[in-house]
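The values are calculated or read from the model by the stated rules, or taken from the named source; none is laboratory data. It should be emphasised that the depicted structure is a prediction, and the values quoted were computed from it without experimental measurement. No Cβ is skipped: glycine too gets one built from the backbone with ideal geometry, and neighbour counts run over all protein chains shown. All accessible areas refer to the heavy atoms of the entire protein, side chains included, with ligands and DNA or RNA removed. Shrake-Rupley method; radii C 1.70, N 1.55, O 1.52, S 1.80 Å.
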Amino acid sequence: MDRRSFLALCSLTGAHFAASSAVPTEPNDEEYMAAFSRMFPPLPRIRSLLAAPLPMSTDWDVVVTLTSFQGLVNRREPRVYFVRDQTDRFWLDYYVDRYGISCTDVDDPHELILRFKDELSGYVLYDTEFLDTANVATVLAGIETLLPVSPEREAKFRDWGFIRKRNLAGRWKNRYQAYRWAHRELWPLCNKQLLGAACVDRPIWPSESVWLRDYLVAHRIFTFDLSASKRDRADRKLLQSFLASAEGPGCVMGWRCARCNEHEFVGLAARYDLAVLSATDVCNLTVHAAIPKRNEPFVQSHRSAADVGDVERKVYVSFMATDGDAMSSMLRLQAGRFNDPEHGQIPFAYGFLPVTCDLMPGVAAYNFERKTDNDYFLAPSSGAMYTYPYMMPHAREYLRATRQYMNRCGQKVAYMINWDDDYWWQEMELPEFLPMLREQLPGCIGFLRGQGESAFERQFFGNGAPYIFSGEGLHRDSDVYTTFRDFIDANPIRPLFIYCLSNHTITMGKTIAGLHTFADDSIRVVRMDEFLHLVRKAVDKGMVPADDFYPDKSKLRELLRQEALPQWPAAIDRIEEHANRASRPAEDFADGLNDPLVRIILNRSATPLPDIVAFTAIWDSMLLTKLALNLRGIYVNHKASAVEDFVRVFAAVEDAKLVRTLWSLWADWDFTRASYHQASAYANRLAVLASRIGKVMAI
């Protein structure tokens, strides 16, 4: 399927933008680049800072008020800096030493509010029982120079002489009314390229991450908390209208809400030409962004094909750290890896967020200062910022902007991923995307994908830079030695190439210790640029197939079965628990409910119960389909194809075609609704089917 057909399909299924089903007109390249370059508004030069403690344990409403205050003061001139932990203290000291900024410590952050009282117009009262009003208050704060204040703190601000200018308490019945009013009345006065996503569904993560509000307030960024999940139709429809009103190229700053997943959120934004900046746990951005930008591009060494020598019949491993697209990873020096005592001892690739050179210039500079020759910076998922480029109406223009940022960051490898959870378990299989990458990023050594690793996915070569899928991964609970031993034993081909994604929780010491268990000459760890050159040489010499690094699948299928087996009990428990609850009368569904997420969906959204039950049954059926086939040693990615495989493989099992029925319901989701009775029946039939499948496979 080509990209035009893909976008048309998205439009027909309701996944693409609601404003128009036509393929968008191509913008003037110069205009697009100019718009991209002005995405992040400049801030005045920092002369001196006042630093006050604001511990992580500070009450949520106090953080909302103080970070909003910080944004109001700092947009006139960055003067306020908050210290939550050692990371914030480190950057403050670095800025003082490196950029000659003077700093004075203040014991109580509220002293700063009194010091700058004359720069504030008053306060807006929001409702702590209805925290979406805090987001509306954040938007009002930026426009009318007001402090967002909770009822619990109002008396203190009255005593200090502040006047209440707005009262949002009791004004709206639900989040949809609040955000519709805010968009109608306040959007015309807001930044048109930037949107703010701030989760308020406490206590579920990421609702506690409220530290970005200084930047949202400073630049009058429209802020909301809405789900991108198709389950939550009212949320998604309103969110689409907000995304459609933004002027691309642009981005959504913050992170997804608690009620949808990462891929739904990022994918929906991409369809409106908006990337995402993951900004959880990011504090003091109005200070970081005001550090002077570097005039010259950053430089790192790149190995050439001649540098890497000949390919030997051994195992080549190249590591890449996850989370390089997150601003917090940059602030915490590659999620803390640069602070590991073993940092730099083995070759390792890191995502280096390219827009950091504009948005956090000092942070970008120090990451390069700490870089060793064994470290290799590449553009993380996917390019300049986090997005799924293939879904973007102006993908080529976005990639050209990415090229400029990569040049500024000295990068020649890009991690380009495209997720669509609606139809795929892994990333979409898009061989036609590679020519676009090669055309728009001509200086790249190669491209990477595979946020969820698999030895069954294709590799793409042809004439030009390759597009490589991650074959193995290290996760939070992984044993490094066992993971590599099992994978190496399952793949007799030599040379064996393993591009391994490593979760940020895996320390460098743990990785090195696991590798040292092998014989010294059995594994060679190489930098990612070396890895890509070696792979190209091996393919050109016919040492490995061009489309499959792991051609012998017999033992890999056994590994697939072994990985699926421990997941089966929890999956069955989930399916049965949902069926049992769905068997109750609708009015009793929530009785004794322990799942905080489902309870929040029921209590704080307009998502009707039948949609919750039907959606869960559909996704449970996909889980059952995948695990059952994996237990038979069958790898699946494309969900529609997997459904047909399941019906064929388990044809003798009564009601196996139920998964096809549920898939049809999913394909028609935007155009149909199941009743509670129908959804409940599906959930119960699925539980019975899961039990039958387990018996057939003797699990």
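Before moving on, here are some points about what is shown:
- Sole residue being in contact (Cβ under 8 Å) with a residue 24 or more places away in the chain, under 17 Å from Asn580 (Cβ atoms) and assigned to a helix (DSSP H, G or I), chosen from Ile612, Ile618, Ile601: Ile612
Residue by residue, here is whether (1) in a strand (DSSP E or B); (2) of a type outside the set (Phe, Trp, Tyr); (3) assigned by the TED database to the domain that holds Arg485 holds:
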site: Leu277; (1), (2), (3): yes, yes, no
site: Phe298; (1), (2), (3): no, no, no
site: Ser304; (1), (2), (3): no, yes, no
site: Asp307; (1), (2), (3): no, yes, no
site: Met320; (1), (2), (3): yes, yes, yes
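- Qualifying position, being charged (D, E, K, R) and free of Cβ contacts under 8 Å to residues at least 12 places away in the same chain, among Glu587, Glu563, Glu654: Glu587
- Filtered by the rule that a residue be of a type outside the set (Val, Ile, Thr), open to solvent by 10 Å² or more (accessible area, probe 1.4 Å) and within 30 Å of Pro585 (Cβ to Cβ), segment 613-663 gives Phe615, Trp619, Leu623, Glu654, Asp655, Lys657, Arg660, Trp663.
- Some residue of segment 557-575 being touching a Phe, Trp or Tyr at 6+ places or on another chain (Cβ under 7 Å), under 28 Å from Cys199 (Cα atoms) and not assigned by the TED database to the domain that holds Glu457: no
- Filter result for Thr517 (open to solvent by less than 50 Å² (accessible area, probe 1.4 Å) and modelled with pLDDT under 95): no
- Of the numbered criteria (1) under 25 Å from Trp669 (Cβ atoms); (2) aromatic (Phe, Trp, Tyr); (3) in a loop (DSSP other than H, G, I, E, B), the one Phe242 fails is (3).
- Ile101 more than 30 Å from Arg294 (Cβ to Cβ) and either touching a Lys or Arg at 6+ places or on another chain (Cβ under 6 Å) or among the aliphatic types (A, V, I, L, M) (or both): no
- Filtering Arg438, Arg476 for residues that are farther than 21 Å from Gly633 by Cα, surrounded by fewer than 19 Cβ atoms within 10 Å (Cβ to Cβ) and touching a Ser or Thr at 6+ places or on another chain (Cβ under 6 Å) leaves a single hit, Arg476.
- Any hit, segment 644-660, residues being within 27 Å of the chain's Cα centre (by Cα) and outside the structural domain of Gly450 (by the TED database): no
- For Ile512: the one exception among (1) part of a helix (DSSP H, G or I); (2) open to solvent by 50 Å² or more (accessible area, probe 1.4 Å); (3) over 30 Å from Ile699 (Cβ atoms): (2)
- Qualifying residue in segment 587-603 (condition: touching a Lys or Arg at 6+ places or on another chain (Cβ under 8 Å), surrounded by 21 or more Cβ atoms within 10 Å (Cβ to Cβ) and closer than 30 Å to Tyr179 by Cβ): yes
- Of residues in segment 119-156 being of a type in the set (S, T, N, Q) and open to solvent by less than 30 Å² (accessible area, probe 1.4 Å), the one farthest from Leu216 (Cα to Cα): Ser150
- Subset of segment 85-118 that is of a type in the set (S, T, N, Q) and in a helix (DSSP H, G or I) - its residue that is least open to solvent (accessible area, probe 1.4 Å): Thr87
- Test for Ser57: is it free of Cβ contacts under 8 Å to residues at least 60 places away in the same chain, outside the structural domain of Thr402 (by the TED database) and either assigned to a helix (DSSP H, G or I) or open to solvent by 50 Å² or more (accessible area, probe 1.4 Å) (or both): yes
- Being under 27 Å from Asp595 (Cα atoms), open to solvent by 10 Å² or more (accessible area, probe 1.4 Å) and aromatic (Phe, Trp, Tyr) is a condition met by no residue of segment 288-301.
- The numbered conditions (1) hydrophobic (A, V, I, L, M, F, W, C); (2) open to solvent by 10 Å² or more (accessible area, probe 1.4 Å); (3) within 15 Å of Leu532 (Cα to Cα) are all true for Leu430 except (3).
- Test for Phe298: is it out of contact with any strand residue (DSSP E or B) (no Cβ under 6 Å at 6 or more places or on another chain) and either in contact (Cβ under 8 Å) with a residue 60 or more places away in the chain or among the aromatic types (Phe, Trp, Tyr) (or both): yes
- Cβ pairs under 6 Å, 6+ apart, first in segment 236-258 and within 25 Å of Asp214 (Cβ to Cβ) and among the basic types (Lys, Arg), second surrounded by 20 or more Cβ atoms within 10 Å (Cβ to Cβ) and modelled with pLDDT of 95 or more: Arg256/Phe265
- Candidates Leu285, Leu243 - the one that is at pLDDT 95 or above and either outside the structural domain of Arg75 (by the TED database) or touching a strand residue (DSSP E or B) at 6+ places or on another chain (Cβ under 7 Å) (or both): Leu243
- Number of the exception - Asn74 against (1) open to solvent by 10 Å² or more (accessible area, probe 1.4 Å); (2) modelled with pLDDT of 95 or more: (1)
- Subset tally (residues that are free of Cβ contacts under 8 Å to residues at least 12 places away in the same chain and not charged (D, E, K, R)) for segment 173-224: 2
- Residue in segment 490-500 that is open to solvent by 40 Å² or more (accessible area, probe 1.4 Å) and at pLDDT 95 or above present: yes
- No other residue among Asp373, Asp325, Asp358 is touching a strand residue (DSSP E or B) at 6+ places or on another chain (Cβ under 6 Å), of a type in the set (Asp, Glu) and touching a residue at least 40 places away in the same chain (Cβ under 8 Å) apart from Asp325.
- Meets criteria (out of contact with any Gly (no Cβ under 8 Å at 6 or more places or on another chain) and either in the same structural domain as Glu429 (by the TED database) or closer than 20 Å to Lys639 by Cβ (or both)) for Asp611: yes
- Residues in segment 212-227 that are open to solvent by less than 10 Å² (accessible area, probe 1.4 Å), in contact with a strand residue (DSSP E or B) (Cβ under 9 Å, 6 or more places away or on another chain) and assigned to a loop (DSSP other than H, G, I, E, B): Ile221, Asp225, Leu226.
- Residue pairs whose Cβ atoms lie under 8 Å apart, separated by 6 or more positions or on different chains, with the first residue in segment 111-128 and on the phi > 0 side of the Ramachandran plot and the second open to solvent by less than 60 Å² (accessible area, probe 1.4 Å), are Gly122/Leu146; Gly122/Leu147; Gly122/Phe162.
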